[in-house]
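The values are calculated or read from the model by the stated rules, or taken from the named source; none is laboratory data. This is a predicted model, so every value here is computed, not measured. Note that each Cβ is placed from the backbone with ideal geometry, even for glycine, and that neighbours are counted across all protein chains shown. Side chains included, ligands, DNA and RNA excluded: accessible areas come from the protein's heavy atoms. Shrake-Rupley method; radii C 1.70, N 1.55, O 1.52, S 1.80 Å.
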Amino acid sequence: AQKITQTQPGMFVQEKEAVTLDCTYDTSDQSYGLFWYKQPSSGEMIFLIYQGSYDEQNATEGRYSLNFQKARKSANLVISASQLGDSAMYFCAMIYYGNNRLAFGKGNQVVVIP
Amino acid sequence: EAGVAQSPRYKIIEKRQSVAFWCNPISGHATLYWYQQILGQGPKLLIQFQNNGVVDDSQLPKDRFSAERLKGVDSTLKIQPAKLEDSAVYLCASSLLTVTRTDTQYFGPGTRLTVL
């Protein structure tokens, strides 16, 4: 079974600074995908970034980048130049293409302060 | 492009009552998912449809939860009768296909259910 671990406590980040959110996963599968979603207080899950297990380069999407270390089974999210609107819960998730089930971690709370 | 629509946004009921949630996925998305998100946790998959067929309902409490997607588009999730522990946000998501490596799930705003 897939397992996603996000253990950081709530984080306060100064506006315009970078923040790294940790995510480790446990799987014996070779073909899988890793996602990060943002969930603001409104409740909607917003897709941020995707990394495939066979992708050789780290994924980037605007201010978001994913630090993928396959051997260590980690997929940390880096948010550069934090903005007040980045305050939210951030969820790491993994999909195994054998059953297409998306498994989520428990999330990281980020609060950006001016 | 319109996103995933859900209604209602909020619902308060008493235990043992029934409740239904509605979801309209992104146009053209064949796969639809219902998740339950309890406060302080990540979403948990309840059921997955591909078109109007069930792909995975292994985590759906079938004694009280039911879901359907009759015409392969809209879907409803029902709880009958509700228990206190069903208080959660119910998220609907859709994706284009289930087999491609870049198959991203897009979520709706969710329905926040409170059972008293």
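Just a few scattered comments:
- Residue list for the stretch A:24-66, filter: among the hydroxyl-bearing types (S, T, Y) and crowded, with 16+ Cβ neighbours inside 10 Å: A:T24, A:Y25, A:T27, A:Y32, A:Y37, A:Y50, A:S53, A:Y64, A:S65
- The set of residues from the stretch B:51-72 being outside any strand (DSSP E or B) and either open to solvent by less than 70 Å² (accessible area, probe 1.4 Å) or in contact with a helix residue (DSSP H, G or I) (Cβ under 7 Å, 6 or more places away or on another chain) (or both) comprises B:D57, B:Q59, B:L60, B:P61, B:R64, B:R69, B:G72.
- The condition of being within 12 Å of chain A (Cβ to nearest Cβ), touching a residue at least 60 places away in the same chain (Cβ under 8 Å), under 30 Å from A:Y97 (Cβ atoms) and assigned to a strand (DSSP E or B) holds for only one of B:Q48, B:Q6, that being B:Q6.
- One residue stands out in the stretch B:16-45 among those that are touching a Gly at 6+ places or on another chain (Cβ under 7 Å) and in a loop (DSSP other than H, G, I, E, B): the one that is nearest to the other protein chains (Cβ to nearest Cβ), namely B:G42.
- Taken over the stretch A:79-94, the criterion of being open to solvent by less than 40 Å² (accessible area, probe 1.4 Å), more than 14 Å from every other protein chain (Cβ to nearest Cβ) and aliphatic (A, V, I, L, M) is satisfied by A:I79 alone.
- Any chance A:Q69 is open to solvent by 40 Å² or more (accessible area, probe 1.4 Å), away from chain B (no Cβ under 11 Å) and free of Cβ contacts under 8 Å to residues at least 40 places away in the same chain: yes
- Matching residues in the stretch A:24-59 - criterion: being of a type outside the set (S, T, Y), within 11 Å of chain B (Cβ to nearest Cβ) and assigned to a loop (DSSP other than H, G, I, E, B): A:P40, A:G43, A:E44, A:M45, A:D55, A:A59
Residue-by-condition table, conditions (1) at pLDDT 95 or above; (2) open to solvent by 10 Å² or more (accessible area, probe 1.4 Å):
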{"position": "B:A20", "(1), (2)": "yes, yes"}
{"position": "B:N24", "(1), (2)": "yes, yes"}
{"position": "B:S27", "(1), (2)": "no, yes"}
{"position": "B:L45", "(1), (2)": "no, no"}
{"position": "B:Q48", "(1), (2)": "no, no"}
{"position": "B:T76", "(1), (2)": "yes, yes"}
{"position": "B:S94", "(1), (2)": "no, no"}
{"position": "B:R101", "(1), (2)": "no, yes"}
{"position": "B:T104", "(1), (2)": "no, yes"}
